[in-house]
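Note sheet for the following structure.
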Amino acid sequence: MKKICILDYGLGNIRSLFNAIKKIGFNPTFFSERKNNNFDIVFIPGVGSFLAASKLVSSPDIQSFLNDVKSNQNIIFGICLGMQVMLTRGEEHGISNGLNLISGNVTKLPANMILPHVGWAKVKFDDQKISFLKEYNNEKFYHIHSYIVNLDDKNCLLSKTKYGNVEFISAINKKNYYGTQFHPEKSGDIGLDFLQRFVNFF
């Protein structure tokens with residue numbers, strides 16, 4: 001069975017992600033309870049501010065753990081703020097540093113929009129990298145966010161989503177690093193199916 005870790009670094013509804021992973025047949029471990037560093041997949045969840053996340057993930061314990069994960073070439077999957085903090089920097093209350101796993105920055109949606117963007121929205125997947133993504137093309141997933149990612153390398157883009165007249169990046173990938181702006185764990189049956197296909201893909 002795949003060994004899965006949830007990075008419980010202090011932000012986000014980690015219990016809903018834990019329950020979702022249990023529902024698809026796996027037994028996740030929280031970072032704070034880990035028995036070892038040998039995980040197949042590490043999830044970085046998150047709801048909140050990039051600035052707060054930046055401070056929390058820069059702790060020596062988390063940095064040491066993620067360095068081990070990277071050196072072992074394990075999968076890292078960020079969800080919502082967890083995806084955003086995987087980028088180089090964020091621009092909330094000034095510039096703060098992310099994990100720089102994928103080069104880019106995080107900026108706010110236009111001020112003339114109703115924020116946060118909350119609800120179900122269609123996700124348009126590019127299935128050139130991961131073939132099973134075509135099964136979810138134009139399916140609706142649950143979003144809640146006011147900030148969006150901007151990639152330095154467009155080859156890292158996996159999907160886009162529209163909110164009003166803005167099309168934003170809603171899923172990313174570089175090497176063994178993945179992220180979604182939407183919440184699979186809050187997206188009902190389609191989200192659980194997506195999580196299961198993703199975990200079993202590796």
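The values are calculated or read from the model by the stated rules, or taken from the named source; none is laboratory data. The shown structure was predicted, so the numbers you read here are calculated from the model rather than taken from an experiment. Just the protein is used for accessible areas: all its heavy atoms, side chains included, with ligands, DNA and RNA removed. Shrake-Rupley method; radii C 1.70, N 1.55, O 1.52, S 1.80 Å.
For the reader, a short list of remarks on this structure follows.
- Interchain or long-range residues, amide H under 5 Å from His117's placed H: His145, Ser146
- Placing Ile102, Ile144 in order of accessible area, with the largest value first and a 1.4 Å probe, yields Ile144, Ile102.
- Amide H to amide H, with H built 1.01 Å from N, Gly12 comes under 5 Å of Val47, counting only residues 5 or more places away or on other chains.
- Applied to region 172-189, the Karplus parametrisation 6.51 cos²θ - 1.76 cosθ + 1.60 on θ = phi - 60° returns per-residue 3J(HN,Hα) values of 9, 7, 9, 6, 9, 10, 9, x, 10, 6, 7, 9, x, 5, 10, 9, x, 5 Hz, with x for Gly and Pro.
- For the chain, adding -39500 (n - 2.57) for each run of n ≥ 4 DSSP H residues and dividing by the number of residues yields -7000 deg cm²/dmol at 222 nm.
- For Lys22, the lysines whose Cα falls under 23 Å of its own Cα, not counting residues fewer than eight places away in the same chain, are Lys2, Lys3, Lys35, Lys140, Lys186.
- Whole-Hz couplings from phi, Karplus 6.51/-1.76/1.60, listed for region 65-70; x for Gly and Pro: 4, 5, 5, 5, 4, 5
- Considering all C-alpha pairs of the chain, those separated by over 32 Å amount to 8%.
- The phi-based Karplus calculation (6.51 cos²θ - 1.76 cosθ + 1.60; θ = phi - 60°) puts the 3J(HN,Hα) values of region 152-168 at 6, 10, 5, 5, 8, 7, 10, 7, 10, 9, 9, 10, x, 9, 10, 9, 10 Hz, whole numbers, x for Gly and Pro.
- Between region 162-177 and region 33-110, the alpha-carbon center distance in angstrom: 16
- Protein accessible area in region 1-75, 1.4 Å probe - carbon and sulfur %: 46
- Per residue, the accessible area of the chain comes to 46 Å² when a 1.4 Å probe rolls over the protein heavy atoms.
- Straight-distance candidates among the lysines for linking to Lys129, with alpha-carbon spacing under 19 Å and chain neighbours fewer than 8 residues away dropped: Lys154, Lys160, Lys174, Lys175.
- Rounded to 5, percent antiparallel among DSSP beta bridges of region 42-155: 70
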